[in-house]
1. Any idea how many residues of the range 237-261 are free of Cβ contacts under 8 Å to residues at least 40 places away in the same chain and either under 11 Å from the mean Cα position of the chain (by Cα) or assigned to a loop (DSSP other than H, G, I, E, B) (or both)?
2. State yes or no: is residue 199 surrounded by fewer than 18 Cβ atoms within 10 Å (Cβ to Cβ), under 29 Å from residue 58 (Cα atoms), touching a residue at least 12 places away in the same chain (Cβ under 8 Å) and not aliphatic (A, V, I, L, M)?
3. Would you point out the residue of the range 223-234, among those that are crowded, with 16+ Cβ neighbours inside 10 Å and within 15 Å of the chain's Cα centre (by Cα), that is nearest to residue 192 (Cα to Cα)?
4. In the range 203-232, what residues are more than 30 Å from residue 263 (Cα to Cα) and out of contact with any strand residue (DSSP E or B) (no Cβ under 8 Å at 6 or more places or on another chain)?
5. Could you check the range 42-61 and list, in sequence order, the residues that are in a strand (DSSP E or B) and touching a strand residue (DSSP E or B) at 6+ places or on another chain (Cβ under 6 Å)?
6. Go through the range 219-229 and give me each residue that's part of a loop (DSSP other than H, G, I, E, B) and touching a residue at least 40 places away in the same chain (Cβ under 8 Å).
7. State all residues of the range 180-212 that are over 17 Å from residue 145 (Cα atoms) and aliphatic (A, V, I, L, M); if no residue qualifies, say none.
8. Would you check which residues across the range 37-77 are more than 15 Å from residue 117 (Cβ to Cβ), modelled with pLDDT of 95 or more and polar (S, T, N, Q) and list them?
Amino acid sequence: MTQSNFKPVAEQLAYLKKGVAEIIPEAELAAKLEASLKSGKPLRVYLGVDPTAPDLHLGHTVVLRKLKHFQDLGHTAIFLIGDFSAMIGDPTGVSETRPPLTREQVDANAKTYLEQVYKILDREKTEVRYNSEWLSKMSAEDVVRLCSHYRLARMLEREDFSSRLEKGLPISVHELLYPLLTAIDAVKLQSDVELGATEQKFNLLVHREIQREYGLPGQAILTMPILVGLDGQRKMSKSLGNYIGITEPPGEIFGKIMSIPDELMWSYYELVTDRTPPEIAALKQEVATGELHPMDAKMRLAQEVIADFHGEEAARKAAANFQRVVREKQLPQDIPVVSLKEQVWHQNYLVAGTKSVALGWLIAAWKLAPSRAEAERLIKAGAVEFNDKRITDPAHQIPLADLRNSTLRVGKRKFMKAVE
């Protein structure tokens, strides 16, 4: 890498600052970029992720995308899988001691991470490391020496810990060790910059301080905002059910993005696309003046997100299907079809002389809802149509004769066509 390969520092900073919550300290990052430009040596930038669950959602990609931005500028992107630290459990944001994962759970989750990560990062240019490389080799003496570099009072200032102390809730010693042990990651990687979410700021600052204790220049820190979920209020989370999984089918991703409040889409444009701030400002202005309909702006957002994870063709098809089904109220082109002759229950009903089937049972049987109770809730909410007729009675019965060549619609995106 030679000096001419890097863009001017001001240009790099402008690109890197997009969507960032905080740079600690910004002058230091600028100085590191300046030194990199002069020496031709790329900065070492890392993101550490504990594989605590097998799948990534859109919220996880916010910090990953910032790592990609450094990679775009020619710097070394390091993706650190916290296979050792995941077995300790990061206490960030939890109100009780988090149970550590087993080695088997961690390994299973880590396997799925990389393929998902490479949908954003360049596989050939990404340095992948596992912190078990060094943490599993630390002796008791190493751990005691590490602990001597940080004060307990400082650790207990951390919001999660202080809150639990006030409430008389337990804090395990291994939780206090978490930010110190992960600081060794920064020491071993000799990182110039570390990325993380705003809620990880305490840990990142500990990492910076421990680097200095071990004779290294302290890394600069970039924190990214938390992505708000589909409800428009809370952090995107699987447990809250307000998430968009990056491996979900394109049509599902498209529909979910279209469901977010209009105002929230600008945050999504900023945090989960590579559009520049001037491009986003121009789009926002078009919507404000009425030149562009908010739904059309949101459809562009959905297409861009899907293109990242599933490709341009899948994004185009998802957009066309949404236009057809939601805006034009037509049936999707790829509507799933079920053959009544192959449905054992249908044949049994015919033999027994049963005349009808409960709509709620049918919805659950065709997996258009996770349970009959949920199916009946959707019916009551007016989210179910049979042959284009809305049905709101949860006890509604469908005559078997009416099932032939019928169409069942549940919500905006789930369909089933029954044929003889």
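The values are calculated or read from the model by the stated rules, or taken from the named source; none is laboratory data. All of these numbers come straight from a predicted model, not from anything done at the bench. Here Cβ is always computed from backbone atoms with ideal geometry, including for glycine, and neighbour counts include all displayed protein chains.
1. We begin by selecting, within the range 237-261, every residue free of Cβ contacts under 8 Å to residues at least 40 places away in the same chain; these are 239-242, 248-249, 256, 259-261.
Remaining after also requiring either under 11 Å from the mean Cα position of the chain (by Cα) or assigned to a loop (DSSP other than H, G, I, E, B) (or both): 239-242, 248-249, 259-261.
Here the count works out to 9.
2. On the way: surrounded by fewer than 18 Cβ atoms within 10 Å (Cβ to Cβ): yes; under 29 Å from residue 58 (Cα atoms): yes; touching a residue at least 12 places away in the same chain (Cβ under 8 Å): yes; not aliphatic (A, V, I, L, M): yes.
So residue 199 fits the description; yes.
3. Going residue by residue through the range 223-234, those that are crowded, with 16+ Cβ neighbours inside 10 Å are 223-230.
Those left that are additionally within 15 Å of the chain's Cα centre (by Cα): 224-230.
On the way: 224: 17, 225: 21, 226: 23, 227: 25, 228: 29, 229: 31, 230: 35 Å.
Across the range 223-234, the extreme among qualifying residues is 224.
4. Here is the first cut: in the range 203-232, the residues more than 30 Å from residue 263 (Cα to Cα) are 203-220.
Answer for the range 203-232, where residues must be more than 30 Å from residue 263 (Cα to Cα) and out of contact with any strand residue (DSSP E or B) (no Cβ under 8 Å at 6 or more places or on another chain): 206, 209, 210, 211, 212, 213, 214, 215, 216, 217, 218.
5. If we filter the range 42-61 for residues that are in a strand (DSSP E or B), which is where we start, we get 44-49, 57.
Those that are in a strand (DSSP E or B) and touching a strand residue (DSSP E or B) at 6+ places or on another chain (Cβ under 6 Å): 44, 45, 46, 47, 48, 57.
6. Here is the first cut: in the range 219-229, the ones part of a loop (DSSP other than H, G, I, E, B) are 219, 225-227, 229.
Residues satisfying the conditions are 225, 226, 227, 229.
7. 189, 193, 195, 197, 204, 205 - these are the residues of the range 180-212 that are over 17 Å from residue 145 (Cα atoms) and aliphatic (A, V, I, L, M).
8. Correct list: 76 only.
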